[in-house]
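Worksheet for the structure shown next.
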Amino acid sequence: MADAVLTPDSAPSPGPVLSPDLAPLPVAAGLPRRHGEVPLPLVYGLFLVSGFAALIYQVVWQRSLYAIYGVNIESVTIVVAAFMLGLGLGSFAGGAASNRPGRDLLLWFAGIELTIGGFGAISLQLFHAVGAFTAGQGGGVTFASTFLLVLVPTMFMGATLPLLVAHGVRHTGNVGRSVGMLYFTNTLGSALAAFATAIFLMGKLGQQRTVWFAAACNVAVGLAVLGWRALDRRGP
């Protein structure tokens, strides 16, 4: 019997071929962690705290701005639109920054958290000062001032997720796992903050101390990253 001739369709497959988008990144997952490198479980926990603080800001800032400018459809629209736009622009900027090779993503994350905490600590005083300045001004000035007050800090908040996703992908090579875990922990923190703010924080602490508590959470996250890196690098 004649030898079988293998056609392209009948040739044995070398195995599943991943598309360029799904192929694992050239990351040696499972290699020993380098000194100064924050372990991913700790990163997930810190991002939960970051999401907790972000939701507190949203609740307190909305109430503060409504007290200054009134509760009406215009105020609600401005605040919500500024939050969503800020998160979107920040996510875009964070994604662009994370694509640059050699960038210390966790150091950027720590700096952003410290910046958010600093703004949060003075946010209510700033809101009231801007409210007093815009009192009696036209609608355009009031709209622009309120919009920018919320837009700027939320841009920093939105930049944290893509930075941490890129950090996770560099160390695991798995995009889905990094996105899923980070999104889960951040959303869980936001959900916990929604209950805690409505049930306990606002009633027991008031607006000012509640926002200070959120700022302390951001500062603690930033210092935790910097502290871990500083202490762990002293190892052998």
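Please treat every number below as a calculation from the coordinates, not as lab data. Just so it is clear, the structure is predicted and the values come from calculations on it, not from any experiment. As a convention, Cβ positions derive from the backbone with ideal geometry for all residues, glycine included, and neighbour counts pool all protein chains shown.
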Explain nothing, just compute: Karplus ³J(HN,Hα) = 6.51 cos²θ - 1.76 cosθ + 1.60, θ = phi - 60°, for every residue of region 57-73 in order, whole Hz, x for Gly and Pro. 4, 4, 5, 5, 5, 4, 4, 5, 5, 5, 5, 7, 9, x, 9, 8, 5
Report the full-extension gain for the segment Gln207 to Leu85: residue separation times 0.36 nm, less the Cα-Cα distance, to one decimal in nm. 41.5 nm
Using the beta-carbon distance between Arg100 and Gln137 and R0 = 30 Å, what value does 1/(1 + (r/R0)^6) give for FRET efficiency, to the nearest 0.05? 0.15
Over all pairs of different Cα atoms in region 40-232, the reciprocal of the mean inverse distance gives a Kirkwood radius in Å of 17.2
Please work out the ratio of the alpha-carbon Rg of region 58-155 to 2.2 N^0.38 Å and round it to two decimals. 1.22
Dividing the convex hull volume of the alpha carbon atoms of region 142-236 by its residue count, what do you get in Å³ per residue? 147
Separation between the Thr115 and Ala144 pseudo-spin-labels, each 7 Å from Cα along Cα→Cβ, expressed in nm? 2.3
Read phi for every residue in region 146-153 and hand back ³J(HN,Hα) as whole Hz from Karplus 6.51 cos²θ - 1.76 cosθ + 1.60, θ = phi - 60°, with x for Gly and Pro. 5, 4, 5, 4, 8, 5, 4, x
So, R0 is 30 Å and r is the distance between the beta-carbons of His128 and Thr187; what FRET efficiency does that work out to, to 0.05? 0.45
